[in-house]
Each structure stands twice: as structure tokens, then as C-alpha cells.
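Presented below is the structure to which this report refers.
Laboratory data are not the source of any read-out in this text; all were calculated from the coordinates shown. In this text, all values refer to a predicted model and were calculated from it rather than measured experimentally. No Cβ is skipped: glycine too gets one built from the backbone with ideal geometry, and neighbour counts run over all protein chains shown.
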Amino acid sequence: MRADQTPRFDPKKILIVLHGSIGDVTRALPLAAMLRRAFPRAFLAWSIEPACFPLLQGNSAIDEIILLDRRRWWKSAGPFLARVRAGNFDLVLDLQRLFKSGFIGWWSGAAQRVGFHRKDSKEFNWIFNNLRIPAYGEEIPKIEHYLKFADYLGLDRSPLEWHFNLTADEQASIRDHLSKITGPFAALFVGTRWQSKQWFPRQMSECADQLWGDYGLRVVLLGSKDDQPLDREVVTLSQSKPVDLVGRTTLREAIGVIQRARIAVGPDTGLMHIAAALGTPVISLWGATSPQRTGPYGYAELVLQGKAPCVPCQRRTCSIGRVCLQSITTEQIGAKIRNVLGGEKGAPVPHAG
């Protein structure tokens, strides 16, 4: 095919390759809904790893989830690759842009393998794909970068849909988790995967006390089991005694909690992107990473960017005490809270979720 020709797409079997992270998979979910609307008779599969598997469960746009358990790769790689090859896919969308994802797409044998432009891919990923979207660089939001695949395929973008379809049992568990709360509440996200993106217990406790004291909102703390030592420190410091659900919910139960929250606050983490997808206003705190690239969809006005000469450093660990995040004050967070909830005490504004 010549460079000036536009490929035509009429796929019967489609494979999306994107294994993580939680934030990336959340931002890519609208693409699956667009594919379903554009190709209603096509079979749509998604290749993923266990940590993000719950995000795809119950999604009406996806016919099959093909799981690769990287932690037990010596057992799972063979059956995984066999399933990918047996799928007889004719279109692959490689959203991961790594060597691994490129190989999976190539291994599928699909005639049309769409990936990122060579300038935007990593680890020689581009050599495995025979079709590529144009180069856009790292300046556009990541969700917009995923939506460029929809443009390349000629899909209608709107509306953006996520389809977090929770089961009745999951809804019952969520009600149990929130049984101690009788009124509206806020969600605070305790942990992140990168040490450099982590906000401080003092900031969390002061934020929780402000939400309770100024607006009568109980605070629910969410995070993984790895965040529990940090979480215990927050509970000790907080006078408002937040409801501690850190490490006590599944990811899908956390989705349900966030969906019910009036407002959410936290750093650059997967739960932040879930909140944005659900329409829960989310105040996000930034330092090591760039909100221009990975900020929550639709809530740019609630971003708080910390200050330091090295921002954004894109480093997983910080050797100077995360001065960027320390620079974000309780007053600044409070101003963003007022933007969402209004100036009247005890009179929070309903949100779209």
C-alpha cells in the first residue's frame, strides 16, 4: 500500500492489545465501545494481564478477554499465545507500543496490525505493525492518543462510553462497605505505584478534616494492600476519622464506591482515571508526571501542579523529598474543593455520575 493511500477496514475479528496500567486501560475503554458501534457483527477480544482484568469484566462491547499471567509466564505464555493464534484475527490494535505487544499482534497473524508511529513507539515496537497512526508526540493527552486510532479507522468518536457494569453481588458488597455512612461522602486515593507521585499523610488527613468540617462529607480512603502502612498513618492523624477501605475492596468494588462519591481527591493513579470516567469530580495532585499528558479526562480545571525546578521529572523515585508535592497546600486543595462543592457549608453540588 502506498503511503498516500487510506486503508479500508471491515474486520470480522478484532484484537486489542493493552495489558496495563489501570489508568491506561481505563482511558482506552471508550475505543472498545466505538469499535462495537462501528462493527456490530465483529468479534472483539482484548489481551490483558490480571491486574487490569477487572476493568474489562462485564463490558458489553468485549466478547472475550485473553489473559496473560505475567507472574507465571512459564505456565501461561504457551496457552496465551496459542489462543491468540487460534483467534484468526484480521485486525489488531496495538495500544501498548512495547516490544511485547508488537510481538503479540504479529503472532496473531492478523493482516492489518495498527500501532503507534515509529516516533511514538518504544522498544522497536513499530517493526511488528504494518499500519501506523500518524506521529503526535507526547504533548497530547494519552486518551486523545488512543482516540487517534478511532480516527485512523474512520470511527465516530462520540459519545465516550466506559461500561463499568457491576454485578448485583458486587453492588451488595459495596453497600456493606459503605454501611457506616449515612450521607454524602468523598473518596481519597491513598497510594500510587510510583514513590515520586505519592502525596503525604499530613496532606491527606488535613484534606479529610476539611471535607468533614466545611461540608459535612465523610471521607472514604481507597487503595491497595500495599498502601495500608501509609493509610494507618492518615487515620491516626485525622480528627474526622475517615472510613478506611484501603486494601479491603476489590478493584470493581472500588469503582462502585467512587461512583457513589460526591468528590474525589488524590495523586496521579489509576483510581483517578476511574473517577473521571465515572463523572465523579476529581481533584488531582501532580509533581513527577505531567497532567497535560496523563491528566484525568474532563477535569483539567481541578488539576493542582506542584512546583519544583525538576517538574515533571518522570522518575519513579524522588531523592529530594518530593518537594513538588509538598508545595501543594491545604488552602490550594480547599479552593479546588470549593470549585466543585460551592462556598456554602454543607451544601455540596450533585455531580453527573
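Descriptive notes on the structure:
- Computed helical MRE - 222 nm, the chain, DSSP H runs ≥ 4 contributing -39500 (n - 2.57), nearest 500: -11000 deg cm²/dmol
- Dipole-positive endmost among Trp73, Ala33, Ala51 within the stretch 13-153 (Cβ charges, Cα centre): Trp73
- The angle between the Cα long axis of helix 228-237 and the main principal axis of the chain comes to about 20°, on a 0 to 90 degree scale.
- Residues of the stretch 284-313 with an amide N closer than 15 Å to a point placed 7 Å from the Cα of Gln195 along the Cα-to-Cβ direction: 288.
- Extending 7 Å from Cα along the Cβ direction at Thr182 and again at Ser21 yields two label points whose distance is 3.9 nm.
- The stretch 152-190 versus the stretch 205-241: alpha-carbon centroid distance in Å: 21
- For the stretch 310-325, backbone phi angles converted through the Karplus equation (6.51, -1.76, 1.60; θ = phi - 60°) give residue-by-residue couplings of 9, 6, x, 8, 6, 9, 6, 10, 10, 9, 10, x, 6, 4, 4, 6 Hz, Gly and Pro being listed as x.
- Each part reduced to its alpha carbon centroid, the stretch 260-317 and the stretch 1-65 end up 25 Å apart.
- Based on the convex hull around the alpha carbon atoms, the stretch 169-341 presents an average projected area of 9.0 nm².
- On full extension, the segment bounded by Asp151 and Asp169 gains 2.7 nm, given 0.36 nm per residue less the C-alpha separation.
- Sequence of Ser173, Ser196, Ser60, Ser284 once ranked by neighbouring C-beta atoms within 10 Å, starting from the fewest: Ser60, Ser173, Ser196, Ser284
- Histogram of C-alpha separations across the chain, 10 Å bin width, %: 5, 24, 31, 24, 13, 3, 0
- Here the simple spin-label model places points 7 Å from the Cα toward Cβ, and for Arg202 and Ala86 these points are separated by 5.8 nm.
- Pair Thr329, Glu161: separation of 7 Å Cα→Cβ label points (nm): 4.6
- Relative to the Cα centre, the charge distribution of the chain, modelled as +1 at Lys and Arg Cβ and -1 at Asp and Glu Cβ, gives a dipole magnitude of about 760 debye.
- 0 to 90° range, to nearest 10: angle between helix 73-86 axis and the chain longest Cα axis: 50
- A Gaussian network model of the chain, with springs between Cα atoms under 10 Å, assigns the largest mean-square fluctuation among Thr289, Thr182, Thr236 to Thr182.
- Between helix 168-177 and the chain: long-axis angle, C-alpha atoms, 0 to 90°, nearest 10: 30
- Measuring nothing but how far apart in sequence close Cα pairs (under 8 Å, 6+ apart) lie, relative to its length, the chain scores a relative contact order of 14 percent.
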